[in-house]
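A short write-up of the structure that comes next.
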Amino acid sequence: MNLCSRFGAPSRRDFIGQLSVGAAALALAGRAGAQAAPRKLGIALCGLGNYARGQLAPALRLTQHVELRGVVTGSRDKGLAWAKEFGFPEKNVYSYATMARLIDNPDIDLVYVVTPNALHPEHTIAAAWAGKHVISEKPMAISVADCDAMLTACRVNKVKLSIGYRLQFEPHFHELKRLARDGDFGPFKTMSGGLSFTMRQMQWRAQKALAGGGPLMDLGIYALQAACMAAGAAPVAITARELPKQRPEFFRDVEETIEWTMEFANGAKGDFSTSYNGGLDRFRADGDKGWIEFAPAFQYGGLKVNTSRGPLALAVPPSQQAGQIDDFARCILENRESPVSGAMGRRDMVIIEAIYKSAAQGGKRIEVVA
Ligand code: NAD
């Protein structure tokens, strides 16, 4: 299917009008960046589910450069309740069908897409065509082709795109990246870990049409990200296998448990697993001169990190998400790319597709061309 028709790309006339709004927004951002105390950027949350309610809304009370000024929701009543609670005007409550009208709203500079995985492209593209910068939650989409459509929409509309990889801004993961770069423990040669939880209630995460896959899309992506941080690179090859389902009636068209190995160009290897049946939450990387282990590794807080030199207990800010959102705001204000860019989201989708391909082909080694 043609991606433009699938995601409802606007007409050429709309395109030109929206291009100028995107440029105006950037110019505004540039001017704001030059001032001593730039105005806060306005953000609209698109999708008011658990993560938006439980994590992002509280984070947006802590952000220095961004404030919540709108929502996009399927429930107008819910949107109006959010407007009252967070003190933004009712005109800033949109439905998914009216997102294009964001183009006329200067209150909103960026949109944070927090809907089910398969809807990230549609909502990201709608926001981009309305001239708004975008954060898309992870996974960026459910296919590389959809990632490409998102990247194109953001490029032609001259808006920035970032992915909700909150741990990229967490101090212990910063230290992991530094160790990888400086080689204190030697290059990390062996890695392992993963993330799992036991899903007890049926939800969109167990439906391929909305989730794109099972725990790999939702949870495994954290271990995949950590491995790329520890290796300082994307893998060159993947082997994977799906384990037999214990609850096949529950996980009808997605995997319940999957294991995979990532091979890196320098000979490093990582063995990971993810499941909707279990309680794994761990990441470990070993080099010739030392090791680092995160357990729990991927939570919103309370990470425990040990190393061959002893425990690593760095001061952490009150909200990973506030740091992540403020970093993107600085990228907008300073007109530079996010370090957690759409290109990174696409890279991870290439890896995820390789994992599924290998598992589907009985564990065949699949070369990764990112
Ligand atoms: P959720 O089910 O609690 O919320 C999803 C929201 O999308 C709901 O408000 C729902 O009404 C809306 N929605 C719109 N169209 C829908 C449709 N067709 N079907 C179902 N829901 C629809 O989910 P969540 O836990 O908030 O997750 C949302 C996104 O955030 C996912 O992509 C998930 O991977 C991501 N997430 C990220 C983190 C993180 O730590 N970065 C944590 C949790 C979730």
I'm told GLN320 meets every condition in (1) over 23 Å from the mean Cα position of the chain (by Cα); (2) at negative phi except one. Can you identify the failing condition by its number?
(1)
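Would you call ALA315 under 25 Å from GLY183 (Cα atoms), in a loop (DSSP other than H, G, I, E, B), at pLDDT 95 or above and within 16 Å of the ligand (Cβ to nearest atom)?
Numbers: under 25 Å from GLY183 (Cα atoms): yes; in a loop (DSSP other than H, G, I, E, B): yes; at pLDDT 95 or above: yes; within 16 Å of the ligand (Cβ to nearest atom): no.
It is false that ALA315 is under 25 Å from GLY183 (Cα atoms), in a loop (DSSP other than H, G, I, E, B), at pLDDT 95 or above and within 16 Å of the ligand (Cβ to nearest atom).
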With respect to GLY213, is the statement that it is away from the ligand (no atom under 11 Å from the Cβ), within 14 Å of PHE272 (Cα to Cα), crowded, with 20+ Cβ neighbours inside 10 Å and under 18 Å from the mean Cα position of the chain (by Cα) true?
no
One residue from SER75, SER95 being within 16 Å of the ligand (Cβ to nearest atom) and free of Cβ contacts under 8 Å to residues at least 24 places away in the same chain
SER95
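Would you mind stating whether ILE163 is under 15 Å from ALA52 (Cα atoms), within 15 Å of the ligand (Cβ to nearest atom), modelled with pLDDT of 95 or more and surrounded by 24 or more Cβ atoms within 10 Å (Cβ to Cβ)? Break it down into steps so the answer makes sense when it comes.
Values: under 15 Å from ALA52 (Cα atoms): yes; within 15 Å of the ligand (Cβ to nearest atom): yes; modelled with pLDDT of 95 or more: yes; surrounded by 24 or more Cβ atoms within 10 Å (Cβ to Cβ): yes.
Criteria met by ILE163.
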Would you check which residues across the range 292-341 are under 22 Å from LEU219 (Cβ atoms) and acidic (Asp, Glu) and list them?
GLU293
Since SER192 meets every condition but one in (1) under 17 Å from GLY270 (Cα atoms); (2) in contact with a strand residue (DSSP E or B) (Cβ under 8 Å, 6 or more places away or on another chain); (3) within 16 Å of the ligand (Cβ to nearest atom); (4) of a type outside the set (D, E, K, R), which condition does it not meet?
(3)
Limited to the range 88-97, what total is found for residues that are loosely packed, with under 15 Cβ neighbours inside 10 Å and in a helix (DSSP H, G or I)?
3
Out of the residues in the range 45-72 that are within 11 Å of the ligand (Cβ to nearest atom) and not in a helix (DSSP H, G or I), which is surrounded by the most Cβ atoms within 10 Å (Cβ to Cβ)?
CYS46
Taking the range 98-117 and the residues there that are within 16 Å of the ligand (Cβ to nearest atom) and more than 20 Å from the chain's Cα centre (by Cα), the one that is surrounded by the fewest Cβ atoms within 10 Å (Cβ to Cβ) would be THR98
Would the range 349-365 turn up any residue that is within 16 Å of the ligand (Cβ to nearest atom), within 19 Å of the chain's Cα centre (by Cα) and either surrounded by 17 or more Cβ atoms within 10 Å (Cβ to Cβ) or not hydroxyl-bearing (Ser, Thr, Tyr) (or both)?
yes
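Given the criterion crowded, with 19+ Cβ neighbours inside 10 Å, modelled with pLDDT of 95 or more and away from the ligand (no atom under 15 Å from the Cβ), identify the matching residue among GLU255, GLU263.
Working: GLU263 fails: crowded, with 19+ Cβ neighbours inside 10 Å.
Going through GLU255, GLU263 in turn, the sole match is GLU255.
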Checked the range 118-134 for anything crowded, with 24+ Cβ neighbours inside 10 Å and either basic (Lys, Arg) or near the ligand (Cβ under 10 Å from one of its atoms) (or both); matches are HIS120, HIS123, LYS132
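The values are calculated or read from the model by the stated rules, or taken from the named source; none is laboratory data. Keep in mind the model is a prediction, meaning the values are calculated, not measured. Heads up, the Cβs are rebuilt from the backbone with ideal geometry, glycines too, and the neighbour counts pull from every protein chain shown.
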